[in-house]
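Taking it in order: structure first as structure tokens, then the write-up.
The values are calculated or read from the model by the stated rules, or taken from the named source; none is laboratory data. Note that the structure is predicted; figures quoted are calculated from it, not measured. Cβ placement follows ideal geometry from the backbone for every residue including glycine, while neighbour counts extend to all protein chains displayed. With ligands, DNA and RNA removed, areas are computed over all heavy atoms of the protein, side chains included. Shrake-Rupley method; radii C 1.70, N 1.55, O 1.52, S 1.80 Å.
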Amino acid sequence: MWKVKPPVFFPLETKYRAILESLVPPDPMDQFHLNRGSVEAEFPDLCRNFTRMGQILTLDFYRRQFYRCTQSGVVFDDIIRPGLEEPGEWAGPVSVGCVAGDAQSYVLFCDFFDRVIEAHHKHKVTRSTPESDFNYDNLKGGDDLDRSYAVRCEVSVVRGVDDFCFPTHCCRGERRQLLTLARRVFQWFEEAVLPGRLFLLEELNNDQQRELNLSPPSSLQLRTGVTRDWPDARAVWLSKDGRLVVWLNMDDHVRLVTTRDDADVAEAFKCVCINLQKLAVKYGELKHPFTWKQQLGWVSSSPADVGTGLRVSVHLRLKLLPQHTRLQDVLKRLRLHMDRTESSEVYVLSNAATFGPSEVELTQLVVDGVKLLIAMEKRLEEVRDIEELVPAQK
């Protein structure tokens, strides 16, 4: 039930993946007669770069990628631009520092992307096909979180649409074609699956924007080109009952989000599973399926989202545990990430990786992790030690 199988036929690019390591197509810049320097002259300064890209990229790596270009015109400098614009901080969270301009980027620049993905997700890229599992019945718990601590939850998933460049690289025409395609998909979706309405971003009033937490484009989004021609051809689909929100042409082609104020992760995950599968079928019928790569699974613009594209987050009310010296070690062992919110006592716990485990396994990691952190918080409230609750590495 809801077991997702990869496509029967894969592009030849996957079969000849090893050959692409040494493939050096003509430099597309040459036809424009630009004064492009040598590899050494163009190599960026990474001495204070704290992204995954900055940790991995060397002059030798850069030389191997320098003259490559995808069929849609993505060159390596386009890929590493986010990490150069936002180099990160030594004590801050480590971002991937790179984006894919199109699906072919993951193949043509595979020697670079594979290492970034392995470093970020702590999982080896192999020749085996990642398993995608949306059987929500296999999830254990998630509807039984202690509401005294679990405030709300959100489950989201991103997808790229085949035959289109990702938002970091696509042109106006492509973006508008994607919106036209989405109109067809959601016209069917409203009639056959779930009542709702598609809004262009410029149609949203101030109250709707606040309710959706829609903010102006960030400086990084502007510099990396994600929000070119904003808000042209950007849209959001809202279900009539408020259970489901689908963002279109934002940071990714398609992003489904469901939020619950009762922190019922199981029900939120079920909602995303069912509706994503139905959308996947319809996009496939229209000859534009969601983008899948054999060694990586589902891919979109960011390497941080490959594999499943799934993010499960729970808002937790914690007073004592955030001050404990073992917290960061516990989070690392659980493969979870914790962020602050505007409230000093509420934190957001989410999965740190999307590649490796299946969708059900990732959701289970978050559910089990939330329960463990709540148990630790209760022990600290009773002035008891939490050492025996510290888990082994997941």
Just a yes or no: is a residue in the stretch 366-373 open to solvent by 10 Å² or more (accessible area, probe 1.4 Å), within 27 Å of His123 (Cα to Cα), out of contact with any His (no Cβ under 6 Å at 6 or more places or on another chain) and hydrophobic (A, V, I, L, M, F, W, C)? yes
Residue selected from the stretch 148-166 under the condition closer than 22 Å to Leu244 by Cα and either in a loop (DSSP other than H, G, I, E, B) or of a type in the set (Asp, Glu) (or both), by the criterion farthest from the chain's Cα centre (by Cα): Glu154
Positions within the stretch 237-256 being under 16 Å from Gly160 (Cα atoms) and of a type in the set (A, V, I, L, M, F, W, C), in sequence order: Val246, Trp247, Leu248, Met250, Val254, Leu256
Yes/no for Phe166 being modelled with pLDDT of 95 or more and either touching a Gly at 6+ places or on another chain (Cβ under 6 Å) or crowded, with 18+ Cβ neighbours inside 10 Å (or both): yes
The residue from Trp237, Trp247 that alone is crowded, with 21+ Cβ neighbours inside 10 Å, touching a strand residue (DSSP E or B) at 6+ places or on another chain (Cβ under 6 Å) and over 30 Å from Asp77 (Cα atoms) is Trp237
Kindly provide the set of residues from the stretch 39-73 that are under 12 Å from Phe113 (Cβ atoms), of a type in the set (A, V, I, L, M, F, W, C) and either in a helix (DSSP H, G or I) or touching a residue at least 60 places away in the same chain (Cβ under 8 Å) (or both), ordered by number. Met53, Ile56, Phe61
Tell me, which residue of the stretch 263-314 that is acidic (Asp, Glu) and in a helix (DSSP H, G or I) is farthest from Gln187 (Cα to Cα)? Asp305
